[in-house]
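Here's the structure, in C-alpha cells; my notes come after.
The values are calculated or read from the model by the stated rules, or taken from the named source; none is laboratory data. This structure is a prediction, so every number in the text was calculated from the model and none was measured. With ideal geometry, Cβ positions are generated from the backbone for all residues, glycine too; neighbour counts draw on all protein chains shown. The area values use the complete protein model at the heavy-atom level, side chains included, leaving out ligands, DNA and RNA. Shrake-Rupley method; radii C 1.70, N 1.55, O 1.52, S 1.80 Å.
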Amino acid sequence: MSEDMPETTAQVVLEASGIRKSFAGVHALRGVDFRLRAGEVHALVGENGAGKSTLIKVLTGVYQPDDGELRYLGEPVSFARPAAAQDAGISTVYQEVNLVPSMSVAHNLYLGREPRSGFGLVDFRGMRRNAANLLEDLGIDVDPRRQLGSLGLGVQQMVAVARAVSTDARVVIMDEPTSSLEPREVETLFELIRRLHQRDVAVVYVSHRMEELFQICDAVTVLRDGRLVHSGPMYEMTRLELVSTMLGRPLNEVRREGTTAFGGDHETGSTALLRATGLSRRGVLGAVDLSVKPGEVLGLGGLLGSGRSETVKALVGLQPLDAGVIEVDGRTVRKGSAASAIRAGVVLVPEDRKAEGIIPHLSVRENIVLAALPRLSRAGIVSRARQDQVVATFMERLRIKASSPEQKVNELSGGNQQKVMLARWLAMSPKVLLLDEPTRGIDVGAKAEVQSLVDDLAEQGLGIVLVSSDLEELVEGADRIVVLKDGSSVAVLTDSDVSVDGVMSAIAEGGTDE
Amino acid sequence: MSELVTAGVRPGSRAHLVGLARDYGVYVALGLLVLVNLVITPNFLSVDNLRTQAVQVVPVLVVALGMALVIGTKGVDLSVGSVMALATAMLPMYLGYGPVVAVVICLAVGAAAGLLNGSLVAFIGVQPIVATLALLVGGRGLALVISGGQLREVRNPEIRELGAGSVFGVPYTVLVAVVLVVLVALLVGRTTGGRQLVAVGGNPRAAEFAGLPVKRVLLGVYVIAGVLAAVAGVLATARLTASDPSRLGELIELSAITAVVVGGTPLTGGRVRVLGTVAGAVLMQLITATLIKNDVPASVAQMAQALIIVAAVLVQRERNSS
Amino acid sequence: MSTSQESRSGTVAGMVQRHGALGVLVLLLVVGGLAFDTFLTAYNLGNLAVQASFLAVIALGMTMVIVSGGIDLSVGSVYALSGVLAAYSARWGPLAALLVPLAVAAAIGLVQGLLVGKAKLAPFIVTLGGLLFARGLLQFLTDEGGETYLVPRDSAFLQLGQGSVLGIGVPVLIVVLLYVVGGIVLQRTRFGMRLFAIGGGEDAANLMGLSVTSTKVGVYVLSATLAGLAGAMNAAQLGSGVTVIGVGLELNAIAAVVIGGTLLTGGMGSVSGTLAGVALLFVIQDLINQVGGFNSNLQAVVSGAVLVTVVVLQTLLSRARR
Amino acid sequence: ANPEGGGANPGGTSGGGQQVTKTQDAGGAGCTLQQYGVEKLDLTKATVGFSQSEKEANPFRIAETASITAEAKRVGARLITTNANSDLGKQISDIQSMLAQGAQLLIVAPLNSEGLEPALRAAREKKVPVITVDRKLSSAAPCKDYLTFIGSDFVDQGKRAGEAMAKATGGTGKVAILLGSSGNNVTTDRTSGFKDYLKASAPGLQIVAEQTGDFAREKGQQVTEQLLQANPGITAIYAQNDEMALGAVTAVRSAGKKPGQDIKIVSVDGTRNAVESIVAGDLNAVIESNPRFGPLAFSTAQKFYAGETITPTVIIQDKSYDTANAKAEVANAY
Ligand SMILES: Nc1ncnc2c1ncn2[C@@H]1O[C@H](COP(=O)(O)OP(=O)(O)OP(=O)(O)O)[C@@H](O)[C@H]1O
Ligand SMILES: Nc1ncnc2c1ncn2[C@@H]1O[C@H](COP(=O)(O)OP(=O)(O)OP(=O)(O)O)[C@@H](O)[C@H]1O
Ligand SMILES: [Mg+2]
Ligand SMILES: [Mg+2]
C-alpha cells in the first residue's frame, strides 16, 4: 500500500503496519497499515464496524494487537496502557465520551495532571481558573464546577475535546468528536484543529459526516471490514468516490443517493397525535409547547443545551416536570411515568446510548426485545420463537451487523448499537416516535437507511419528533420545526422557513427578546 | 445454562480454551476437588457420603439462589441468615395449626422481610448493603425475642419426616432444593421478569428508559430472596429437628455470596448463573467436607478455604478490562 | 461531587443537610443530652471516643476503598491479627510492636490489591479470602486461638492505646490526625482524585491515562495498613493480643462509611461523613445502654430499627439537596 | 398455641441448682475493703452493674443473667445490665458506660480471659469493685484489677469429662472431639483437661479427630456426619457443650447407629435438654457448668462490705449427670 502514497516531506510520527486484532472470533482488524505525518489532519473513515475505533484503541494502548508493529517517532513501541500512549504524547478523544460523570468539568479536564500548589496538594483554585480559561478559549460556555454527568452529551463531548487538546501532544486522535455537536461547536472544533495543525501536531479524525472531512482533512485512510482499502491525500478524492470506496459499491450506484435520503413532505393528519403545552421544570425547561400530527416529522431545533433532550425526555415521563400537560390522542398522559407514556404509544430513542440505551452485557437479541418482552410473552413466559422472529426482522431491516443475535451488544460498533436502539423501539410499533440524535455515529449508508426509514414510518402514519444536531438532516427531514432556546420554545417554522437559515435566524431572534 | 459465546470461535484455540475455563471454571475446580478427595478421603465415593454432602448443602444453596437474583440486580442481601432465624423461630410457634399452616406463615415472614428490604432499596434508594444490614442486625434479635431466645426441639412428625425422610433414596430436602433450582432457572431464563431483572442489573438507567418496571423488579427480587431464605430456614430446622434462632444461618450470607460469585455471577450485576450457583455452593460444601474429614485444624482450614476460593475465581476471571 | 472544596454554602444547615449522618448525630446528641444527665459528660464522651477510635481508623481506609468502587472485608481479621502480632512483638520493643503488624497488614493489603488491581478479581471475593486467611493465620499463630500474648507491663508501646495528652486519649488524637491527613489525601491529592475517578468510572479513568492498577493496589495497602494500625492501637489499649476481636467489624465499618454518605458504588464520599457515621454508631449503642432495660435480643431489634431509621433519614436528607 | 412445648425453665432460682463453693483458693492473702481501697456500701441501696458477655440466647447465658437479676431484686439493689454481644470492644464500652451511669459495684462475665484492662482501669479509677464470674481473667491481679473470681474450673470440667468418658467406654475406643469456638479459652481448657486425663488415666482412648462445632447444634450435627463417614471406627464423642452433643446425637442416628450405645457421647454444660437425653439414653454423661452466679456473687459482695476477707478465687462445685442420677436430677438442670 505504502508505495502508492505520494511523497511528502513531513516526518512520520505514528506508523502502524500489519495490525491484526480479533475478539473471540470477530476479526476487527485484518492487517491494517496506517501512517500519520506531523501536522496533517488524517481522516479515518469506514462503515460502522469497519474497525476504526479498534485501530485507534490499538494505537493508544487500550488493546494490544494480535499481530503487527507500531512505530512512534521512528522507534518501535508498544503501549501497555493508555497512560503509556498519553505520556508519549498521544492524546485521544474516544468515541463514547469517556469522562467521569460524577466529577466536575474542571476535574475531568485535569484528571491525572492537576495543577499543584505547595506540599503537592491539588490547587483547586488554579485548576478551576485554568479550566475556565480553557473553556472560554474554546468558546464552551459551561461552569467548570458543574458535575459533568448533569450536562448534555454535546457539552460533554466538547469537554472531552478540550481535555485532549489542552495537553502538549504530538498526536491528537478524535473518534467521532462531532457526533453530538452543533454547527457552531463544529466550527469551534475546526478552528482548534487548524491551530493544532499550525503547531505541527498530527490529528487523526474520525467522522461519518462527509462534508466535515473535506473541510479539514489533508489525508484519508479508508477501512472496510477490518482491511485497509485506500490511503492517500484527501484532494485526490471526490465525495462520491470516498463513499463508494467506504461502502465497496460502484460509483454509479452511490451517485443516485442525495445528501440525505429524506423524501419530500408528508401527508399529515389534521388532528394532533401528541400535544404538549407549557412543559416546565425549574432551571431546565421554561415553557415548551409542541404538537405532532400523524404522518408528520416535527423537528426540534436549538443550540447545545437548549433543552431539546430534556423536552423529549419529558414527553416520555423520564424528566420530572413542574407543570405542563401532555396529551396523546386527546387523552392526558400521566406525567413522570415512562410506563404510561409507552402504553400510550410514545417512545424515545435516547441520545446517550451508552448511559441510557444499551444493556451492555446482554445480547443483541435481548436488547432489541427488551421493551417488547411483555408483548412477546404469554403469562410471563417469554416465547423464544416470537423473539427470534422480531429480532430477525429488525436486524435485517436495519442491517445490524453482528456476528449473531447472541453477540453481546457492547461488542458491536457504535453505529450498530444505535441501530439496536432503534430496533428496540420500532418493535413496540409506537404511535409517536421521539428520536434524539438518531443518526449519531451512524455511517453514510446506514444513515440513509435510517432516514428513509423515518420517512417510511411517517408515511405509515406515525408522528415523529426528530432532534438532530446535523442541521441539514433536520431541515431535510422535518416538515415543521420547533425552535428551542434556553429551555423554551421560541418559534415554529413551517413550509419555506424550514431551512438552515430559518433555524439559525430563529435562534438568533429568539435571543433578542430574552 | 452458561451462555458461552461460541460464535466463530475455533474449537481448541486459545480463545476457546480461555472462554471455556471462564465459563466452566467452577466445574473444573469442582472436578479437581472430587479427584483430590478420591485419593485422600476415605469412603468418599459412598452413596451415604454423597447424600450427606447433598443434604448439608441445601440451606446454603437455597439461600444462594435468592442471593444470585439479588446480585443480578447489582444488589446484595445480608439479611438472609436473620430471615432464616425468623423462620425457624416462627415454625414451632404455629405447628399447633398443622405443619402446612406453620410453613406458610414462615414463608410469609420471609416475604415480609423481603418486602422491607426491597422497599428500602427500590423506593427510598437506600444502598442494598446497608438496607439489608439493618435486618441482619435486627432480624435475629426479633427472632430471639419471639422465641424467648431458647432452642426448641421440634417434635412434629411431618416436619421431622421432611428433614430425615427420602423418596427413592433422595432426601426430601434435596428434592425441594432441586425443584427450587429448576424454578429459579426458569424464572431467570424464560420469564419476562427474569429478563427484566438482568436488564435492571446491567444498566438501571437504560432499563428505566426502556420503560421497565424497575422498582417492581427490585422489590420482587428481594421478596423472592426473603422467601427462599425462609424456605432454607424451614428445611434446616426440619433437619436439625430443632428451632435454633440464635445460631441457625449465622454467616450464611457470606457463604451464599461466595457460592454465587464462585459460580460465575458477577457482583456488578447484569447476569445470573443459576447452575453455576449450584456448582459454587457444592464446591464450597466439598471444601468444608474435605477439610473436616481429613481433620485439618480450623486455622489451616480457613487459610486453605481462602486460597481455594480465590483460586476458583482466578480461573474464571474476565480477561481485558473492557 | 462531594469534595468539600466544591461546595461553597458554608451554613450549618447546608452542612447538616449535605451530611445526613451529621444531622442525625446532632439530633441524637441533643435528645440524649436532654434525656440522660450521664450522657453528655466529658467522662462518658471521652470513653466513647477512645472506644470508637479503632473503628474510626479502620473506617477511614474503608472510605477510600469504597470511594474507589471497591470494598474491603478483610479489615476485621487484619485488625485482630495485627493486635496479636503487636502484642507478640512488644517483647522486642515498642517500635517492633508497631512495625511488625503494620508490615504484615500492608503485605496482606498488597496481595489483595494485586489480585483486585492486576488480576481484576472482584474485591468482595478477594477480601473475603483475606478475611478467612488472616483469621486462619491468627489462629495458627496462637495455637488455635488458645494463646494470648501479653504486652510487657512496662512497655512504652502501651502509651499508644492508654496514654493521654491534656486529658485526651492518644487513640483519639491519632484519629484526629489521621482524619485530617486522610481528608487532605482524599480531597486534595492526585491519589485522592484518582480514587474518585476510578470509582466514578473505571474504564474512563483508564482511558484518561490514570494508573488504575497502582492506585487500586495503593488503596488496598492503605486500608489494610490502617486496619493494622487500629489492631496495634487496640493491643496497646488492652495490653494483650486478644484473638476473639474484630469479628464482623467490617460490617460496622461499611455501615459507618455508607451512613456517612459515601456511595457504595464508588465515586463519591468524604471522610468527615465517615467520622460522623462512626460516632453515630457508638452514640446509638451508648444510648441503648443508657435507656437500659432491654435484654440483648431486644437490643438487637432496637439497633436494627435505629439503623433503618438512620439510613432512611440520611438518604432522604442527602437527596433533598439535589 | 404451642403444642410443641419443649424448652427449658429459664429461671435460675429454682432451689435445687444453687451454686456451692468447692474451693476457696487461699493462694493470696485475700482481700479486704482497706486493701482494695474502696468505700463501704449498702448493697440494698446500691446501683450494681452487670456486664454480660454474650447474647442471652443459650441456656447458660439465660440462666446466668436471670440468676443475677433475681438476686439483685431480692437484695434490693438497682441493677443495670448490658450485653456485649460477643464484642470485646463493646464490653469495654458497656462497663465504662455503666460507670458513667453511676454503677457502684460491677459484676462482669468476661467475654475473654484477656483484654478487659481498660474497663478494669476505669473501675479502679472510680473505686468500683469488680467481681468476675464464669471466666477467669488470666493476667489481671486480684484485689487490684478485680476483687475476686467466682466460677467453674474449665480444665477440671474437661478432666471430669475424660473420666466420664473412660467410664462410659470402659477405657478403650476411638474418640472424636467436638471443639467449641476457636480462640475461646473455655474451648482450650476443656480440651486440655480432657486430653491430660486421657493421657494419664485412660491411654486406651485414642483421639482420632478434633473439629470445631462452634458450640452450635447444627454445626455439631454437620461435623459429626462428616467425621463418622470418614472414620467409621469412631466409638465415642466428646462434645464441649450440650448443644453440639445433641447435634451429634441426630447425626449418629442418621448414620444408622445408636447414640449412647454404639457411640458414647459425653458433654459439658448440664442443660435441661441434655440431662433429659441422658434419661432417654442418647447421651452417656454430662458435666455441669453451673451458671447461677447471683446468690454467690451478692453474698460475696455483702461479706466484702461487711469487712470480711475475700479469697481471690472461688471455685464452685459442678455436678455431673450420668445414667445413674439423671432422672432424679432433671428438675435441677437449667
Ligand atoms: N470488545 C469487543 N468484543 C468483540 N467484538 C468487538 C469488540 N470491539 C469491537 N468489536 C467488533 O469489531 C468490529 C470493529 O468495531 P469498531 O468499533 O472498531 O468499528 P468502528 O469502525 O469504530 O465503527 P463505528 O463507526 O460504528 O464506530 C465490529 O464488528 C465490532 O463488532
Ligand atoms: N453550555 C451549557 N452550560 C451549562 N449547562 C448546560 C450547557 N449545555 C447543556 N447544559 C445543561 O445540560 C442539560 C441537558 O441539556 P439538553 O441535553 O436538554 O440540551 P440539548 O439541546 O439536547 O443539547 P445536547 O445537544 O447537549 O444534548 C440541561 O440541564 C442543560 O441545563
Ligand atoms: Mg467507532
Ligand atoms: Mg441533546
Per-residue HN-Hα couplings for region D:87-96 [Karplus 6.51, -1.76, 1.60; θ = phi - 60°; Hz; x = Gly/Pro]: 10, 4, x, 5, 5, 4, 4, 4, 5, 5
- prompt: Of A:R128, D:R78, which has the most accessible area with a 1.4 Å probe, and how do the rest follow in descending order?
  reply: D:R78, A:R128
query: Which of D:A141, D:A46, D:A245 moves most in a GNM of chain D, Cα contacts under 10 Å?
result: D:A141
query: Over region A:142-299, what is the percentage of antiparallel beta bridges among all DSSP beta bridges, to the nearest 5?
result: 70
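Once you charge only the Cβ atoms, +1 for Lys and Arg and -1 for Asp and Glu, what is the size of the charge dipole of the protein assembly as shown about its Cα centre, to the nearest 20 debye? If you can, show how the numbers build up before the last one.
Numbers: 126 positive and 129 negative charges, 635 e Å.
Value, rounded to 20: 3060 debye.
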- prompt: Looking at A:L192, A:L457, A:V204, which one has the Cα that reaches farthest to the positive end of the dipole of chain A (charges on Cβ: Lys, Arg +1; Asp, Glu -1)?
  reply: A:L457
- line: Each residue of C:177-187 has, on average, a number of other protein chain C-beta atoms within 10 Å of its C-beta equal to 1
statement: Summing -39500 (n - 2.57) over every DSSP H run of at least 4 in chain B, dividing by its residue total and rounding to the nearest 500, the 222 nm mean residue ellipticity is -24000 deg cm²/dmol
For the protein assembly as shown, accessible area per residue (1.4 Å probe, heavy atoms of protein chains only), Å²: 35
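Among the helices of chain C (complete DSSP H runs), which have Cα atoms covering no less than 24 Å along the helix axis and a Kyte-Doolittle mean of at least 0.5? Numbers along the way, then the final one.
On the way: long enough: C:42-67 (34 Å, 1.63); C:94-117 (34 Å, 2.12); C:123-141 (26 Å, 1.59); C:170-188 (26 Å, 2.21); C:212-238 (39 Å, 1.02); C:271-291 (30 Å, 1.48); C:296-320 (35 Å, 1.38).
Counting only whole DSSP H runs, the qualifying helices are C:42-67, C:94-117, C:123-141, C:170-188, C:212-238, C:271-291, C:296-320.
With an 8 Å Cα cut-off and a minimum separation of 6 or more residues, compute the relative contact order for region C:183-320 in percent. Spell out each step's value before the answer.
Values: 94 pairs, mean separation 28.7, N = 138.
Answer for region C:183-320 is 21 percent.
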- line: Sorted by chain and then number, the residues having a modelled amide H within less than 5 Å of the amide H of D:S152, at least 5 places away or on another chain, are D:D134, D:I316
message: Between C:G109, C:G33, C:G183, where does the largest GNM mean-square fluctuation fall for chain C, given springs only between Cα atoms within less than 10 Å?
response: C:G33
query: Going by accessible area, probe 1.4 Å, with all protein chains left in place, what is the ranking of B:Y172, C:Y149, largest first?
result: B:Y172, C:Y149
- prompt: Which angle between 0 and 90 degrees, to the nearest 10, do you get for helix D:242-254 versus the longest principal axis of chain D when only C-alpha atoms count?
  reply: 10
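Under unit Cβ charges (Lys, Arg +1; Asp, Glu -1), what dipole magnitude, rounded to 20 debye, does chain D have relative to its Cα centre?
On the way: 34 positive and 35 negative charges, 70 e Å.
I would put it at about 340 debye.
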- prompt: Can you tell which of B:A301, B:A236, B:A112 shows the greatest fluctuation in a Gaussian network model of chain B with Cα springs below 10 Å?
  reply: B:A301
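Could you tell me which of rounded, prolate or oblate describes chain C, using a ≥ b ≥ c as the square roots of the eigenvalues of the alpha-carbon gyration tensor, with rounded for a/c under 1.5 and, failing that, prolate when a/b is larger than b/c and oblate otherwise?
Details: a/c = 1.64, a/b = 1.05, b/c = 1.56.
Oblate.
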task: Per DSSP H run of at least 4 residues, take -39500 (n - 2.57); add these up for chain C, divide by its residues and hand me the 222 nm value, nearest 500 deg cm²/dmol.
output: -24000 deg cm²/dmol
message: Quick check: from the Cα gyration tensor, does chain B come out rounded (a/c under 1.5), prolate or oblate?
response: oblate
Peptides A:312-325, D:317-330 ordered by average Cβ neighbours within 10 Å, highest first: A:312-325, D:317-330
Spatial separation of Cα centroids for region B:254-289 and region A:101-116, in angstrom: 39
query: Hey, what angle do you get for helix D:154-169 against the long axis of chain D, alpha-carbon based, 0 to 90 degrees rounded to 10?
result: 20
query: What average number of partner chain Cβ atoms lie no more than 10 Å from the Cβ of the residues making up D:175-185?
result: 5
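Per residue of C:196-204, how many C-beta atoms from partner chains lie within 10 Å of its own C-beta, taken as a mean?
For this peptide, the per-residue mean of nearby foreign Cβ atoms is 6.
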- prompt: What residue among A:P115, A:N133, A:G25 has its Cα farthest toward the positive end of the dipole of region A:1-147, where the charges are +1 on Lys, Arg and -1 on Asp, Glu, each on the Cβ?
  reply: A:P115
- prompt: Taking the Cα centre of the protein assembly as shown as the origin and placing charges on Cβ (Lys, Arg +1; Asp, Glu -1), which of D:L116, C:A256, A:V420 is farthest toward the positive end of the dipole?
  reply: D:L116
message: I need to check one value: relative contact order of chain A, counting alpha carbon pairs closer than 8 Å and at least 6 residues apart, in percent.
response: 16
task: Search the structure for amide H atoms under 5 Å from the amide H of A:L14, placed 1.01 Å from N in the peptide plane, and list their residues when 5 or more places away or on another chain.
output: A:L36, A:L73
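Is any helix in chain B, taking whole DSSP H runs, at least 20 angstrom long along its axis by alpha carbon and on average at least 1.6 on the Kyte-Doolittle scale, and which ones? Provide the component values of the computation, followed by the final result.
Values: long enough: B:14-40 (34 Å, 1.43); B:47-72 (35 Å, 1.50); B:80-94 (21 Å, 1.49); B:99-119 (30 Å, 1.97); B:128-147 (28 Å, 1.86); B:172-190 (26 Å, 2.59); B:214-240 (39 Å, 1.76); B:274-293 (28 Å, 1.69); B:298-315 (26 Å, 2.13).
For chain B, where a helix must reach 20 Å along its axis and average at least 1.6, the hits are B:99-119, B:128-147, B:172-190, B:214-240, B:274-293, B:298-315.
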Neighbourhood charge, 15 Å Cβ-Cβ cut-off, centred on C:Q299 and excluding it, Lys, Arg +1 and Asp, Glu -1: -1
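Provide A:D143, A:D455, A:D168 ordered by accessible surface of protein heavy atoms (probe 1.4 Å), highest first. Before the final figure, lay out each step's value.
Values: A:D143 65, A:D455 15, A:D168 140 Å².
Ranking A:D143, A:D455, A:D168 by accessible area, largest first, yields A:D168, A:D143, A:D455.
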Helix A:500-512 axis, angle to chain A major axis (alpha carbon atoms, nearest 10°): 80
message: Compute, for region A:78-177, the length of the dipole vector about the Cα centre, with Cβ point charges of +1 (Lys, Arg) and -1 (Asp, Glu) only. Units Debye, rounded to 20.
response: 360
- prompt: Which whole-Hz couplings ³J(HN,Hα) result when phi for each residue of region D:145-152 is put into the Karplus expression 6.51 cos²θ - 1.76 cosθ + 1.60, θ = phi - 60°, listed in order with x for Gly and Pro?
  reply: 7, 8, 7, 7, 10, 10, x, 8
- request: Quick one: compute the contact order of region B:127-225, relative version, from alpha carbon pairs under 8 angstrom and 6+ residues apart, as a percent.
  value: 10
- prompt: Helix-derived [θ] at 222 nm for chain D: sum -39500 (n - 2.57) over DSSP H runs of at least 4, divide by residue count, nearest 500?
  reply: -12000 deg cm²/dmol
